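Have a look at the structure below, then the notes.
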Amino acid sequence: MSSGTRIEARFADLKAQGRAAFVTFVTAGDPGYDTSLELLRALPGAGADIIELGMPFTDPMADGPAIQASSLRALNAGQNMIKTLQMVREFRTGDNDTPIVLMGYYNPIYIYGVDKFIADAKDAGVDGLIVVDLPPEEDHELCIPALEQGLNFIRLATPTTDDKRLPKVLTNTSGFVYYVSVTGITGSKAPDISQVNEAVSRIKRHTDLPVAVGFGVKTPEQASGIASGADGVVVGSALVNSIRESLDADDAATDSTVPNVLKLVSELAQGVRNTRGT
Amino acid sequence: MSTSVPNSYRTGPDDTGLFGIYGGRFVAETLMPNILELEAAYAAALKDPSYAAEMEDFLEHYVGRPSPLYYAERLTEHLGGAKIYFKRDELNHTGAHKINNVMGQILLARRMGKTRIIAETGAGQHGVATATACARFGLECIVYMGATDVERQAPNVFRMKLLGAEVVPVTSGRSTLKDAMNEALRDWVSNVDNTFYCIGTVAGPHPYPAMVRDFQSVIGRETKEQMQAREGRLPDSLIAAIGGGSNAMGLFHPFLDDASVEIFGVEAAGRGVDTDEHAASITGGRPGVLHGNRTYLLMDEDGQIDEAHSISAGLDYPGIGPEHSWLNDTGRVSYISATDDEALEAFKLCCKLEGIIPALEPCHALAKVMEIAPEKPADHLMVMNMCGRGDKDIFTVAEHLGVKL
C-alpha cells in the first residue's frame, strides 16, 4: 500500500549489503529539546540505520522503568506532540534518508486529532508509526488511515502471538514487523538468542516483511546474536539509561550526554555490522 | 458523540467491547491473547449453571448477601422531602461492595486454572477484597498500590498483609492509583501464562467493564426486589458515588430501561471542578484513551494524563468506566459532583442521624441526597448506595476536622 517509504528503501539497501539494520530508540525531548535534537542528528553518523523516536506519554503501560523515566524527563522539560513533530522537521533539513518511526501510545495522537496528526507527521518527514496500545482489533482508529496516507504502520508481534493470531497481527502491518523478544516490558530480562531466532523464522513463514527484534537488547554481543537471524535489532532502554547516567542532579544534560550515548550506539552498531546475515 | 436514544440501555457493549464510542481494547499485543481468553472463559462461565450456583452460594454465605435496603428515617425527617433508602453494601464482608466483583473474578480465575492473582488498589478496599478471596482459595495474591496511598491507607495495607497478600508500593509516575494500574498491567504483560488480573472497577479493556458490571449488578437486582417488597413499586431515583464507577453501575444497570427512574452519578469534585484538584472525569474531562478503554479522562491539552484529587482515595482516579461515559452522552444518567467539604458535612450528618459511619466515597452521593431530597415530594422514593463503611477513613476525617488521634 505504501511503496517506496524510506523504511522500505533502507531495508532493501541493507539486504543488498547482507547485514541487519540497527534500529535505535530515544525519547523525543529527553533530557531536553536541544540535546535531544543534537543526539537525533548524530545517530545516523554513529551507526543507526533507522531511528525510533518516542512520543512521550505520562502512562506508558508497556514500558519498563528506564523508558518511563525518560518520558517523564521529556515531559518535565516541556516536550509535547508539536515539539516532537518539529524535531523531526529539523532533523530532515540535514538528513533525507534515515527512516524515522514515531513510537508511543494512542492518547496524545487521539487528542492531537488523528487526521491532523497523520498529515503533520507526513509533512514533517515521519515514515512510520508504532502505537503500542493499538492492536489489530482497533485498526480503524489510526492504522488504516495512516496506511492510506502512505505511512508505514509497524506492529509488535510477541511470544504470545501464536500461529493462529499471527496472520491477524500481520494484516495491515507494513515497513517491518517488530518482534518483542520477551513477554514483558521494555528493558527487562535478556532475550534467549536461539528462541528468538526460532520465533523470527516462524514469523518469516507468514510474511515477506523484514523482522526487527527488540526488548532487552543491551550489549554488542546480544545485538550480534540477534542480527544473525533477524533483519533488524532494536535497542532502546540501554540508550535511554546511558542518557540518564550522564545527567546532572537536576536531570539536565552535561557535556558527556551526547558523546556517551553515541559511543554506545557505535559499539552496538559494530556488533550488528560484524554479524554475517543468514 | 452518539445522542440518539437506543431501544434499550442494557444491551451493551457490542462484540468489540464498545458502548457507543466508549470502551474497546486498547492494549499491547502481548495482552491480546489474554484478553480474548478471558472473554471466552467468561462467556463459557455464563452458560454454565454451576458457575452461577457457586457464585450465589459464596455471595450468601461468605459475603453476606442480600444486603439490607434500609429506610433512613431520621435523615428523611431532617431533610424534609423524599423518602430516603440506603442500600447497605457496607455491611458486606470486608466492608464494601468490592467483594461482589472479586468473588466473580476469583471463581472465574479458578475455572481458568490461574494460580497467581494481581490487583491494583487505591484506598485499599479492592485490594483487601482481593486478598480476602485469595486467602479463601489459597491463591497467590500481589496487590499494586501507589506509594502515596500505601502511606495514607496504612490500616488496609496491614489487612492485606495479614491476609497473605504481597503489597507492592508503586513509585513510578506519581505513585497513585493510575500508576498502580500501569504497574499491574506491566506485571500482567510479563506473567501472561499463570496470572489473572482482577480489576476493581468497571474500566479497563473489554470484557472487564461489562464483566465487573455484571458482578456488581446484584446490588441493583436486590434493590428492585426489596423496594417492590417494601413499597410495592419501583424507586423514583437512584444515586451513587463514582470513581471508576462500579458501585454505581451495579445499582443503576438493572434500572436503566425503567424510564420513570431518575439516575444520578456523583463524581468527586475535590477542591472544586473549577480548580485543578478534582477527580470529576465527566464534569471536568473529555474523551481519551487510557488503561485499555476510551472514556472521559482528566488530561492536559497534549493528551498527558492529569493527577486526580479527592479526599476519598477510592475516587482518586482520572478516568471513569466507559459505560458511564456513554450513559452521560445519551443523557440517561445525570452526572453531578460533590466537593471534599460537602462530603465531609455528609459524613458528619450520617454518623449523627443514622448511627452509620460511612466511607467517604458514598458521602459524595449523600451530599447530593442532601441537596436533591428536599426538593422532592414525600412520596418520592430515593435509593442511595451506601457502598462502603467508614472505619478506614476515620484518620483522614480526623485530620480534616483538626482532631489528633
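Just so you know, all these numbers are worked out from the coordinates, no wet-lab data involved. Worth saying up front: this structure is predicted, and the values here are computed from it rather than measured. In this analysis, Cβ positions are derived from the backbone assuming ideal geometry, glycine residues included, and neighbour counts consider all displayed protein chains.
Worth a mention:
- Rounded, prolate or oblate (a/c below 1.5 giving rounded, otherwise prolate when a/b exceeds b/c) for region B:321-393 by Cα gyration tensor: oblate
- Mean ellipticity per residue at 222 nm, deg cm²/dmol - from DSSP H runs of n ≥ 4 across chain B, formula -39500 (n - 2.57): -12000 deg cm²/dmol
- Peptide A:125-137 has a mean of 4 when you count, residue by residue, the C-beta atoms of other protein chains within 10 Å of its C-beta.
- Loop-located trypsin sites (Lys or Arg not before Pro) across region B:14-90 with a Cβ neighbour count of 16 or fewer within 10 Å are B:Lys47, with loop assigned by DSSP.
- For region A:151-171, the residues whose backbone nitrogen is under 18 Å from a point 7 Å from the Cα of B:Asp15, taken along Cα to Cβ, are A:165, A:168-169.
- Between A:Asp192 and A:Asn172, the modelled label-to-label distance comes to 3.3 nm, taking each label 7 Å out from Cα in the direction of the beta carbon.
- Calculated FRET efficiency for the pair B:Ala147/A:Asp251, C-beta based, R₀ 22 Å, to 0.05: 0.65
- Whether chain B is rounded, prolate or oblate, judged on the alpha carbon gyration tensor where a/c under 1.5 counts as rounded: rounded
- Extension gain, B:Glu345 back to B:Glu399 (0.36 nm per residue minus Cα-Cα distance, nm): 18.0 nm
- B:Ser260-B:Glu54 FRET efficiency (beta carbon distance; Förster radius 41 Å; 0.05 resolution): 0.70
- The protein assembly as shown: C-alpha gyration tensor shape, a/c 1.5 cut-off, then a/b vs b/c: prolate
- Region B:113-144 and region A:59-108 have Cα centres separated by 36 Å.
- Loop trypsin sites (Lys or Arg not before Pro), region B:214-280 (other Cβ atoms within 10 Å of the site Cβ: 13 or fewer; DSSP): B:Arg233
- Gaussian network model of chain A, Cα within-10 Å springs - most flexible of A:Val235, A:Val258, A:Val213: A:Val258
- Gaussian network model of chain A, Cα within-10 Å springs - most flexible of A:Gln222, A:Gln79, A:Gln195: A:Gln195
- Computed over chain A with a Gaussian network model linking Cα atoms closer than 10 Å, the most mobile of A:Leu262, A:Leu37, A:Leu247 is A:Leu247.
- For the segment A:152-160, counting C-beta atoms of other chains within 10 Å of every residue's C-beta and taking the mean gives 3.
- Per residue, the average separation of C-alpha pairs within less than 8 Å and at least 6 apart gives region A:6-273 a relative contact order of 23 percent.
- For region A:147-174 versus region B:280-342, the inter-centroid distance based on Cα atoms is 32 Å.
- Cross-link pairs B:Lys114/B:Lys161; A:Lys168/A:Lys218; B:Lys98/B:Lys392; B:Lys83/B:Lys352; B:Lys87/B:Lys376 - those with Cα-Cα distance over 24 Å: A:Lys168/A:Lys218
- For the protein assembly as shown, the share of DSSP beta bridges that are antiparallel, to the nearest 5, is 20%.
- For chain A, the 222 nm mean residue ellipticity estimated from helices alone, with every DSSP H stretch of n ≥ 4 adding -39500 (n - 2.57) and the total spread over all residues, rounds to -13500 deg cm²/dmol.
- Mean per-residue shielding of peptide A:173-184 is 2, counting Cβ atoms of other chains within 10 Å of each Cβ.
- Computed from the C-beta positions of B:Asp300 and A:Asp162, the FRET efficiency with R₀ = 51 Å rounds to 0.85.
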